[in-house]
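A short worksheet on the structure shown next.
The values are calculated or read from the model by the stated rules, or taken from the named source; none is laboratory data. Remember, it's a predicted structure, so these values are computed and weren't measured experimentally. All Cβ positions, glycine included, derive from the backbone under ideal geometry; neighbour counts span all protein chains shown.
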Amino acid sequence: MKSLDLPPVEQLKDRLAAFMDEHVYPNEARYHAELNALPDRFSTVPLMEELKARARAAGLWNLWMPADHGGLSNLDYCALAEMMGRVLWSPEIFNCNAPDTGNMEVFLKYGTEAQQAEWLEPLLAGEIRSSYCMTEPDVASSDATNIRTSIRRDGDTYVINGRKWFITNAPYERTRIFIVMGLSDPDNPNRHLRQSQVLVPKHTPGVTVVRPLTTLGYDDAPLGHAEVLFENVRVPATNILLGEGRGFEIAQGRLGPGRIHHCMRLIGSAQRALEYACRRAVSRETFGRRLADHQSVLEDIAKSWSEIEQARLLTMKTAARMDEVGAKAARDLIAAAKITVPLMAQTVIDRCMQIHGAGGLTADYPMAEAYNYARWCRQADGPDQVHMMALGKQIIRQYAG
């Protein structure tokens, strides 16, 4: 795979901002109209393909690519991901959407040449989409050692049995490959060596996308999140990633960058909500005064600006630390950002919806859907409590000796 040939990040910021102004914000209504007109909500929105072609022509493609593969540093990517986070469906335009970016990193770091040729190359080209299958409905998946999906070796194949859910991209018509984590050595005394990850093409016999799921009533179409059943699914033994017993190693290598990417995008969502609230505050009057002249509104705007700025600085510090020492060594800051940023975005967006009155709860504004994104991010890639527990232990070790 050849490295990217990207211009300086300041040029990319200018190009991306101009692209958003010219092609994304003016097309928000059209995007949702086309989505709602689809016979199948989990099929391709025509506008998306049009904008993807424009983004590639503008050199705004695969901007997530890590620096060690010719892309940007984590810190440089922050501002770009924040811009994309202002419109929730826009990252796919630039081939920068979750979970595909994390899955592409898995292939980059852990895939064989054959696996990269079959799956990474079409993902990088934006021709297909992918899913990461980890969470299960029948166990507390916040402790990933609880997962029960089995991956059993049978000659030159693996047989997969189990049920997963909240699998992003699974309902989408363009999704072709699942990365599935399951138990391959359930009796290993080291509970972190019991799991493996294996590649399962979506249309393999025995794979059933049972149903799309919603979060706070949103189906997040056309990508969606689904329940997926694996019944005696057979794949070649060459579909194992990295080797048996290395599922946790892969998961940790994948989830660190993904968590910080969510934080970057959430800052964009919160920032845009604040800008909407400021415009609303000077355009509406109650009790003979503009909203902007009421102390409670001014306090909400001041608090929101301050909280966004704090979260942005924490995210940038985390990204810089990841660039310096890697995601594993920066896990304390990654945890702190993952705890702080989604809750900040949820809180700020909620205030901004309140300033908009009942309209803030509707699809007339981007805030309700952004609130849903912030809320489910508090569960995705590990719930708040797990990150607080892990960070608390690290802090105690650091200061208590």
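Just one of the listed residues (Ala329, Ala292) is within 22 Å of Ile250 (Cα to Cα), free of Cβ contacts under 8 Å to residues at least 60 places away in the same chain and outside the structural domain of Leu35 (by TED's automatic domain parsing), and it is Ala329. Only residues that are under 22 Å from the mean Cα position of the chain (by Cα) and farther than 17 Å from Val87 by Cα were counted across segment 30-52, and they come to 4. Of all residues in segment 347-401, those satisfying the criterion of being of a type in the set (D, E, K, R), outside any loop (DSSP other than H, G, I, E, B) and surrounded by fewer than 17 Cβ atoms within 10 Å (Cβ to Cβ) are Lys393, Arg397. Given the criteria within 29 Å of Gly217 (Cα to Cα), polar (S, T, N, Q) and surrounded by fewer than 21 Cβ atoms within 10 Å (Cβ to Cβ), does Gln310 qualify? Considered against the rule, which asks whether it is within 29 Å of Gly217 (Cα to Cα), polar (S, T, N, Q) and surrounded by fewer than 21 Cβ atoms within 10 Å (Cβ to Cβ), Gln310 comes out as no. What are the residues in segment 203-215 that are within 20 Å of the chain's Cα centre (by Cα) and part of a loop (DSSP other than H, G, I, E, B), if any? Within segment 203-215, just Thr214 meets the criteria. Residues in segment 216-256 that are within 24 Å of the chain's Cα centre (by Cα), assigned to a loop (DSSP other than H, G, I, E, B), of a type outside the set (A, V, I, L, M) and crowded, with 19+ Cβ neighbours inside 10 Å: Asp220, Pro222, Gly224, Arg246. The single condition among (1) closer than 18 Å to Ala221 by Cα; (2) not in a helix (DSSP H, G or I) that Leu6 does not satisfy is (1).
Of everything listed in (1) under 20 Å from the mean Cα position of the chain (by Cα); (2) outside any loop (DSSP other than H, G, I, E, B); (3) crowded, with 21+ Cβ neighbours inside 10 Å; (4) not acidic (Asp, Glu), the single unmet condition for Met316 is (3). Restricting attention to segment 215-248, the residues that are closer than 27 Å to His192 by Cα and aromatic (Phe, Trp, Tyr) total 2. Residue count for segment 108-135 under the criterion of being of a type outside the set (A, V, I, L, M), more than 23 Å from Leu229 (Cα to Cα) and not in a helix (DSSP H, G or I): the result is 4.
Does segment 56-70 include one or more residues that are closer than 21 Å to Gly268 by Cβ and in a helix (DSSP H, G or I)? No. Exactly one residue out of Ala170, Ala140 is part of a loop (DSSP other than H, G, I, E, B), over 18 Å from Val386 (Cβ atoms) and small (Gly, Ala, Ser), and it is Ala170.
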